[in-house]
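**Student:** One structure follows; several queries about it will come next.
What follows is calculated from the coordinates using simple rules that are stated; it is not laboratory data. Model, not experiment: these values are computed from the prediction. Reconstructed Cβ throughout: ideal geometry from the backbone, glycine too, with neighbour counts over all protein chains shown.
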Amino acid sequence: MPIPAKYVHTNLVARDWRRLARFYQEVFGCTGVPPERHFSGISFEQLTALPGAKLQGAHLRLPGYGEGGPTLEIFQYQPEGQRLPTGVNHRGYGHLAFAVEDVPSALEAVLAAGGKALGEVVTLEVAGGAKVTVVYATDPEGNILELQSWTKG
């Protein structure tokens, strides 16, 4: 039985997030969704399983959707990871994100279906006081998923 879920965003990891965001805005008409994201510290390191990780970036509203439609998330990490070769027949992406009612329960459902956990369930505060409870996991083939639940500040 599927868990209640809603598609949220697709992530791209960039070398220069502002430049890549401008590309999507100018070419495809995506629009910025404030606030910019800036994460670092122990909770972010626990989420990403990357010691010293820092992130900055933004969400862009995808064209063709209303105010609540999915976004393209463009982030830049420090330290920067190695770029793997790309090609039309290569597998992979940043991650697919799903809003769920209960992050730990959703993670258990992913694990029960053959997925694996990455990092830990954490709660991060976003500019403006909102909080997101989030965890990264993988599907059975290793593609990264984000399970998230938001509360207003």
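**Student:** Which whole-number percent gives the relative contact order of the chain, counting Cα pairs below 8 Å spaced six or more residues apart?
**Tutor:** 25 percent
**Student:** Compute the distance from the alpha-carbon center of segment 97-153 to that of segment 16-78, in whole Å.
**Tutor:** What the calculation gives is 17 Å, centre to centre.
**Student:** Between Gln78 and Glu101, what is the FRET efficiency for a Förster distance of 30 Å, r being their Cβ-Cβ separation, to the nearest 0.05?
**Tutor:** 0.35
**Student:** Provide the net charge surrounding Glu73, with neighbours chosen by a C-beta distance below 10 Å and charges set as Lys +1, Arg +1, Asp -1, Glu -1.
**Tutor:** Residues near Glu73 contribute 0 overall.
**Student:** Shifting gears a bit: Using 0.36 nm per residue of separation minus the Cα-Cα distance, give me the extension gain between Arg18 and Glu120 in nm, one decimal.
**Tutor:** Gain in length upon complete extension: 33.9 nm.
**Student:** Next question, about the same structure. What aspartates and glutamates could a cross-link reach from Lys54, if we take a straight Cα to Cα line under 16 Å and drop same-chain neighbours fewer than 8 places away?
**Tutor:** Asp16, Glu36, Glu45, Glu73, Glu80, Glu125
**Student:** Would segment 102-142 count as rounded, prolate or oblate if I go by the C-alpha gyration tensor, calling it rounded below 1.5 in a/c and otherwise prolate when a/b exceeds b/c, oblate otherwise?
**Tutor:** prolate
**Student:** Right, next: Where Lys and Arg each count +1 and Asp and Glu each count -1, what net charge lies around Val110 among other residues with Cβ under 9 Å from its Cβ?
**Tutor:** Local charge sum for Val110: -1.
**Student:** Which entry in (i) 167; (ii) 88; (iii) 131 matches volume of the Cα convex hull per residue in Å³ derived from the coordinates of this structure?
**Tutor:** (iii)
**Student:** Something else about it: Pick out, from Thr31, Gly41, His59, the residue whose Cα sits farthest towards the positive end of the charge dipole of the chain, with +1 on the Cβ of Lys and Arg and -1 on the Cβ of Asp and Glu.
**Tutor:** Positive-end residue among those listed: Thr31.
**Student:** I want to make sure I understand the PRE zone here: with the label point 7 angstrom from the Cα of Glu67 toward its beta carbon, which residues in segment 96-111 have backbone N atoms less than 12 Å away?
**Tutor:** Answer for this model: none.
**Student:** I want to verify a result. In a Gaussian network model of the chain, Cα cutoff 10 Å, which of these has the top mean-square fluctuation: Ala112, Ala21, Ala49?
**Tutor:** Taking springs between Cα atoms under 10 Å, the residue moving most is Ala112.
**Student:** Taking the simple approach of a point 7 Å from Cα along Cα-to-Cβ for both Asp139 and Leu111, what is their distance in nm?
**Tutor:** Output for this residue pair reads 2.1 nm.
**Student:** Hey, if you put +1 on the Cβ of every Lys and Arg and -1 on every Asp and Glu Cβ in the chain, which of Gly114, Gly68, Leu20 ends up farthest toward the positive end of that dipole?
**Tutor:** Result: Leu20.
**Student:** Once you mark the chymotrypsin sites (Phe, Trp or Tyr not before Pro) that are in a DSSP loop and have at most 16 other Cβ atoms within 10 Å, what is the longest gap between them in the chain?
**Tutor:** Between exposed loop sites, the widest span is 1-64.
**Student:** Find, among the GluC sites (Glu not before Pro) in segment 1-104, those assigned to loop by DSSP (not H, G, I, E, B) with at most 10 other beta-carbon atoms within 10 angstrom.
**Tutor:** Answer by residue number: Glu67, Glu80.
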